[in-house]
Amino acid sequence: MSTTERLPKVLQRLTEVGIAVTAVVAVVFLLTAVFTDSALQTPMEFTPEEGTYSLSSETWGSGTIGDAVGVVGFTDKSASLVALSTAKILVYAAASLTLLVLLRSILKTLSAGTPFVDANADRIRAIGILIPAFGFLIQGLDWATSLVVMNTVTAEGLHIEARLTLNLTYLFIGLVIVALAEAFRHGTHLQTDADLTV
Amino acid sequence: MSIGVHLDRLLLDRKMTLTELSNRVGITQANLSNLKTGKARAMRFTTLDALCRELQCQPGDLLSHTNTPPPPN
């Protein structure tokens, strides 16, 4: 068996291992989030209040600090924070498992020597749609968590704000994959034409 | 499809089986079956040449066209 024939089978096995590992890791993370006192962390924006700090330079004079980005963590968890962090873990797990299962199905057809089928074009398109969808969902959950933190905590000498990060990289990657899926679909039609040419 | 393939009739006239034709022209039975049942989308000139040679016929004996409206996409 040549390397090109062996590679899809190796990748298929790797995705199967990935599915199993992801499932185990997700369960461990969920148990940790619910039953242990590990710190819940959420991204926030910080602005120290004037007079609580000093920042100066011999060359540039006095300075200010604003819109610093960081993470706040709590050990005593409220039900809402546990629910949000659990939801985030579930979304991560669902995203990873769904993408790995789709990838495994594609590699399975590649191993069988019949990759140019419409079902694979649908799977590639689904991957292209799911990547930005899950990406935005996770960013939304991060924002929701930071909103809960912002409305719950009292900060002394520090102004904190919820942070909404819109990473458009997911969208760009998704668009590229969807475009490739449509090119692949055209390839499947050419394959069907070739198969039905006597 | 409005192109008819008369492989059945020609095989019957020549008292030849599909398996025998398959062996003679070097085309799989599955492909010849696709041709016979109208599933095939295209035929190579080399295939047409081989079929006409073995069945001792002209392309017009093998193929015919009927005026039927094209199927909706």
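The values are calculated or read from the model by the stated rules, or taken from the named source; none is laboratory data. The structure presented is a predicted model; accordingly, all values stated were derived computationally and were not measured. For neighbour counting, all protein chains shown are included, and Cβ atoms are generated from backbone atoms with ideal geometry for every residue, glycine included. SASA here: full protein model, heavy atoms, side chains in, ligands and nucleic acids out. Shrake-Rupley method; radii C 1.70, N 1.55, O 1.52, S 1.80 Å.
A quick yes/no check of all residues on (1) within 14 Å of chain B (Cβ to nearest Cβ); (2) out of contact with any Phe, Trp or Tyr (no Cβ under 7 Å at 6 or more places or on another chain):
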| site | (1), (2) |
| --- | --- |
| A:ILE124 | no, no |
| A:PRO132 | no, no |
| A:GLU156 | no, yes |
| A:ASP195 | yes, yes |
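Within region A:73-108, which residues are in a helix (DSSP H, G or I), under 22 Å from A:TRP143 (Cβ atoms) and either among the hydrophobic types (A, V, I, L, M, F, W, C) or at pLDDT 95 or above (or both)? Explain how you work it out, then say what you get.
Here is the first cut: in region A:73-108, the ones in a helix (DSSP H, G or I) are A:79-108.
From what is left, the residues that are under 22 Å from A:TRP143 (Cβ atoms) are A:79-96.
A:ALA79, A:LEU81, A:VAL82, A:ALA83, A:LEU84, A:ALA87, A:ILE89, A:LEU90, A:VAL91, A:ALA93, A:ALA94, A:ALA95 - these are the residues of region A:73-108 that are in a helix (DSSP H, G or I), under 22 Å from A:TRP143 (Cβ atoms) and either among the hydrophobic types (A, V, I, L, M, F, W, C) or at pLDDT 95 or above (or both).
Out of (1) more than 10 Å from chain A (Cβ to nearest Cβ); (2) open to solvent by 30 Å² or more (accessible area, probe 1.4 Å), what's the single condition that is false for B:ALA50?
Evaluating B:ALA50 over (1) more than 10 Å from chain A (Cβ to nearest Cβ); (2) open to solvent by 30 Å² or more (accessible area, probe 1.4 Å) leaves (2) as the failure.
Would you mind stating whether A:THR165 is open to solvent by 80 Å² or more (accessible area, probe 1.4 Å), part of a loop (DSSP other than H, G, I, E, B) and not charged (D, E, K, R)? Break it down stepwise before answering.
Working: open to solvent by 80 Å² or more (accessible area, probe 1.4 Å): no; part of a loop (DSSP other than H, G, I, E, B): yes; not charged (D, E, K, R): yes.
Spelling it out, it is not the case that A:THR165 is open to solvent by 80 Å² or more (accessible area, probe 1.4 Å), part of a loop (DSSP other than H, G, I, E, B) and not charged (D, E, K, R).
Can you tell me which residue within region A:92-103, out of those that are touching a Leu at 6+ places or on another chain (Cβ under 9 Å) and surrounded by 17 or more Cβ atoms within 10 Å (Cβ to Cβ), is nearest to A:ALA20 (Cα to Cα)?
A:ALA93
Report, ordered by the first and then the second residue, all pairs with beta carbons closer than 6 Å, sequence separation of six or more or different chains, a first member in region B:23-47 that is at the interface with chain A (Cβ under 10 Å from one of its Cβ atoms), and a second member that is small (Gly, Ala, Ser) and in a loop (DSSP other than H, G, I, E, B).
Sorted first by the residue in region B:23-47, then by its partner, the pairs are B:ASN34/B:ALA40.
Please determine whether any residue of region A:87-95 is among the hydroxyl-bearing types (Ser, Thr, Tyr) and in contact with a helix residue (DSSP H, G or I) (Cβ under 9 Å, 6 or more places away or on another chain).
Within region A:87-95, the subset among the hydroxyl-bearing types (Ser, Thr, Tyr) is A:92.
Subset that is in contact with a helix residue (DSSP H, G or I) (Cβ under 9 Å, 6 or more places away or on another chain): A:92.
Yes - at least one qualifying residue is present in region A:87-95.
Residues that are in contact with a strand residue (DSSP E or B) (Cβ under 6 Å, 6 or more places away or on another chain): which helices (runs of 4 or more DSSP H) entirely in chain B hold 1 or more of them? Spell out the reasoning first.
Details: elements: B:7-13, B:18-25, B:29-36, B:45-55, B:59-62.
In chain B, the matching helices (runs of 4 or more DSSP H) lie at B:29-36.
Checking the structure you have, find out if any residue of region A:109-125 is modelled with pLDDT under 95, open to solvent by 70 Å² or more (accessible area, probe 1.4 Å) and within 26 Å of A:THR165 (Cα to Cα).
Within region A:109-125, none of the residues are modelled with pLDDT under 95, open to solvent by 70 Å² or more (accessible area, probe 1.4 Å) and within 26 Å of A:THR165 (Cα to Cα).
Considering only region A:59-68, how many residues are in a strand (DSSP E or B) and either open to solvent by less than 40 Å² (accessible area, probe 1.4 Å) or at pLDDT below 85 (or both)?
Summing the residues that are in a strand (DSSP E or B) and either open to solvent by less than 40 Å² (accessible area, probe 1.4 Å) or at pLDDT below 85 (or both) in region A:59-68 gives 2.
Of the numbered conditions (1) part of a helix (DSSP H, G or I); (2) modelled with pLDDT under 85; (3) open to solvent by less than 80 Å² (accessible area, probe 1.4 Å), A:THR42 fails exactly one; give the number of that condition.
(1)
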